[in-house]
Amino acid sequence: MSDPRCITSRDNPSFKALRALVDDPRRHGRAWLDGIHLVTTCLARGVVVRQLLASESGQRNAEIAALLQTAAGVDCVILRDSLFREISGQGTPTGVAAVIDIPPAPAGEIQGDAVFLDAVQDAGNVGAILRTAAAAGVGEVLLGQGCAGAWTPRVLRAGQGAHFSLAIREQVDLVAVLAACSGTSIATVVRDGASLYDLDLTGPVIWLLGNEGAGLSAGLLAAAKMRTTIPLAGGTESLNVAAATAVCLFEASRQRRSQADSTRGYRLQRKLET
C-alpha cells in the first residue's frame, strides 16, 4: 500500500470532502463502502478503489491490516476514531471503508427479469431488495423517483455486496421505461390480484413493487399487464415490501427450476427409450 495519510481534524479539507461524498454520493459520483465484508467483496470483484480508509483502532485489527497491505497503489488514509464514526454514522463501526466510483447506469432495453421500485423510501428495504434480486438471478433493478439512493451507505450495508452483481438505474421514469419492455409486467398489490401461485412465471418478468405505505402509483398500475397478490393467512394485512419481493422472485425461480427438471427428465426418458 501507499504510505497512509493521517486525518485528525474535522477542519481537514479531505475530511470535509469525505463528509460531502457520504451525504450525497450521486452528486459526487462516488460511494463510501463501510465494513470489512463490503470492502473485501469490492476488492475481490476487481472494483477500482479510489481510496481505502481505516480508523486508528481499526488498523490494529489483523484482517483490516491485511486489507491495507494488499491495496497496492491505493491512496490509504487513517482517520481518528471519532472522525471515522462521524462519517460512518455507526456507533461501533468495523473501522475500514473504501471509496469507489459509482458505475454508470446501463443504457438500452432491459433484457430478462427486472425489478422496478416505485418510491420505496426505506434504505433497509431497498438494500434488502437488491440483495434478494442478486440472489434470485435478476439482472436489473430500476429505482423510480422517491426511492432511497442505491449508493448511500445504509443501502450499501443492507445490500451486502449485491450492487456488484446488478445493473442499477436510478431516478428512472418507470412508466416510460416499462412501455419499451418486452417481458410480462406484474404489479404486486395487497388485494384483488391473481394469486402469485397461479401465475406462469417461467418467462421474463418485470416486477413492479411500490411504496411501503401507498403502494404503486396509479400510472404504473395502469401500465402493468397483470396484478398479483401473495396469499396470506387470515387476519394478516400485508408483507413488508422486501419480504414480498423475496416471495415473488423465488416463486419464479422455483417454477423455472421445476420446468428445467421436467425437461431434463423428459430428455432422459426419451434417450432411454431409444
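The values are calculated or read from the model by the stated rules, or taken from the named source; none is laboratory data. The model shown is predicted, which means the values in this text are computed figures rather than measured ones. Cβ atoms come from the backbone with ideal geometry, glycine included; neighbour counts cover every protein chain shown.
Can you tell me how many residues within region 155-195 are assigned to a helix (DSSP H, G or I) and either in contact with a Pro (Cβ under 7 Å, 6 or more places away or on another chain) or without any contact (Cβ under 8 Å) to a residue 40 or more places away in the chain (or both)?
Summing the residues that are assigned to a helix (DSSP H, G or I) and either in contact with a Pro (Cβ under 7 Å, 6 or more places away or on another chain) or without any contact (Cβ under 8 Å) to a residue 40 or more places away in the chain (or both) in region 155-195 gives 7.
I need a count of the residues in region 196-223 that are part of a loop (DSSP other than H, G, I, E, B) and either within 17 Å of Ala246 (Cα to Cα) or touching a residue at least 40 places away in the same chain (Cβ under 8 Å) (or both). Give the steps one after another, and end with the answer.
Here is the first cut: in region 196-223, the residues part of a loop (DSSP other than H, G, I, E, B) are 199-204, 210, 212-214, 216-217.
Checking which are either within 17 Å of Ala246 (Cα to Cα) or touching a residue at least 40 places away in the same chain (Cβ under 8 Å) (or both) leaves us with 199-202, 204, 210, 212, 214, 216-217.
The qualifying residues number 10.
Within region 135-160, track down each residue that is surrounded by 20 or more Cβ atoms within 10 Å (Cβ to Cβ), within 17 Å of Ala246 (Cβ to Cβ) and of a type in the set (Gly, Ala, Ser).
Those that are surrounded by 20 or more Cβ atoms within 10 Å (Cβ to Cβ), within 17 Å of Ala246 (Cβ to Cβ) and of a type in the set (Gly, Ala, Ser): Ala158, Gly159.
Of all residues in region 45-76, which are in contact with a Phe, Trp or Tyr (Cβ under 9 Å, 6 or more places away or on another chain) and among the aliphatic types (A, V, I, L, M)?
Result: Val47, Leu53, Ala54.
Taking Gly124 as the residue in question, decide whether it is at positive phi, within 25 Å of the chain's Cα centre (by Cα) and surrounded by fewer than 16 Cβ atoms within 10 Å (Cβ to Cβ).
Here the answer is no, as Gly124 does not meet what is asked.
Inspect all residues belonging to region 29-40 and state whether any of them is out of contact with any Asp or Glu (no Cβ under 9 Å at 6 or more places or on another chain), outside the structural domain of Cys147 (by TED's automatic domain parsing), buried (at least 17 other Cβ atoms within 10 Å of the Cβ) and among the acidic types (Asp, Glu).
Yes, that holds for at least one residue.
So in region 191-229, with the set limited to residues that are under 15 Å from Val120 (Cβ atoms) and aliphatic (A, V, I, L, M), which one is surrounded by the fewest Cβ atoms within 10 Å (Cβ to Cβ)?
Ala214
Given the residues Ala260, Ala162, Ala243, which is the only one that is among the aliphatic types (A, V, I, L, M) and farther than 30 Å from Gly35 by Cβ?
It is Ala260.
Could you check region 8-107 for helices (runs of 4 or more DSSP H) lying wholly inside it with 2 or more residues that are within 18 Å of the chain's Cα centre (by Cα)?
25-28, 36-44
Which one of these does Phe84 not meet: (1) over 26 Å from Arg169 (Cα atoms); (2) modelled with pLDDT under 90?
So Phe84 meets the others, but not (2).
For region 18-28, give me each residue that is surrounded by 14 or more Cβ atoms within 10 Å (Cβ to Cβ) and either among the hydrophobic types (A, V, I, L, M, F, W, C) or at positive phi (or both).
Residues satisfying the conditions are Leu18, Leu21, Val22.
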